[in-house]
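Here's the structure we're looking at; comments come further down.
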Amino acid sequence: MYAAPLPLPWLAPFATFLSAIGAKIVRGVVTRVMIVATIITLSVSAVLEAQDSPPEWTQEWVPTILRMPDDAEFLSVRAIGSSVRMFSVTTTEDVDELLLEWEEALRENGYRIDQSRDDKLDRSIEFSGSGISNAKIVAPVSTSQGPITLKFDATLR
């Protein structure tokens, strides 16, 4: 047994009309989907492009007198509001020597060093001057071999 379509000649004009409307609707939906897909693709491409290119270590607020190690590798860069800035890098360079070098360079170039006893134990430099209300560079003590993370943060004026 099989089913045969029943002839309904009076539906033919409606079928043609519905087919034409359906094609327009489908074309409109397909066009919108293509536009949205293009926008998403361009947005994702822009984000990936921004992630692929590493930021310059010299953030605009960091004194240019600080020499960044050649092997410095960015971990993160962050801005909160209009005045808080943070970033972190890793390096295998001797961090104790680097912090001494940076502290001396800051002092010689007119920055005020706010060093407490705890700061020396924490391996950090706290400073202010030239558009910086307060900034701190911290190198946490690590017992493992390998790169050490340097964390920079500042509150700008």
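The values are calculated or read from the model by the stated rules, or taken from the named source; none is laboratory data. Everything numeric here is computed off the predicted structure, so don't read it as measured data. Because the Cβ atoms are built from the backbone with ideal geometry, glycine has one as well, and the counts that use them run over all protein chains shown.
If we keep just the residues of region 83-122 that are assigned to a helix (DSSP H, G or I) and more than 21 Å from Gln59 (Cα to Cα), which is modelled with the lowest pLDDT? Don't jump to the end; show me each part of the working.
Restricting attention to region 83-122, the residues satisfying the condition of being assigned to a helix (DSSP H, G or I) are 95-108, 117-122.
Then keep just the ones that are more than 21 Å from Gln59 (Cα to Cα); that gives 96-97, 117-122.
Working: Asp96: 90, Glu97: 93, Arg117: 59, Asp118: 56, Asp119: 49, Lys120: 55, Leu121: 60, Asp122: 72.
Per the stated criteria, the residue is Asp119.
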Checklist outcome for this item: Those residues of region 123-157 which are among the basic types (Lys, Arg) and not in a strand (DSSP E or B) amount to Arg123, Arg157
Item to check | Matching residues in region 125-157 - criterion: being more than 14 Å from Arg85 (Cα to Cα), among the β-branched types (Val, Ile, Thr) and more than 21 Å from the chain's Cα centre (by Cα) | outcome: Ile125, Val141, Thr143
Checklist entry - Can you name the residue in region 49-69 that is farther than 18 Å from Lys136 by Cβ and among the acidic types (Asp, Glu) and, of all such residues, is modelled with the lowest pLDDT? => result Asp52
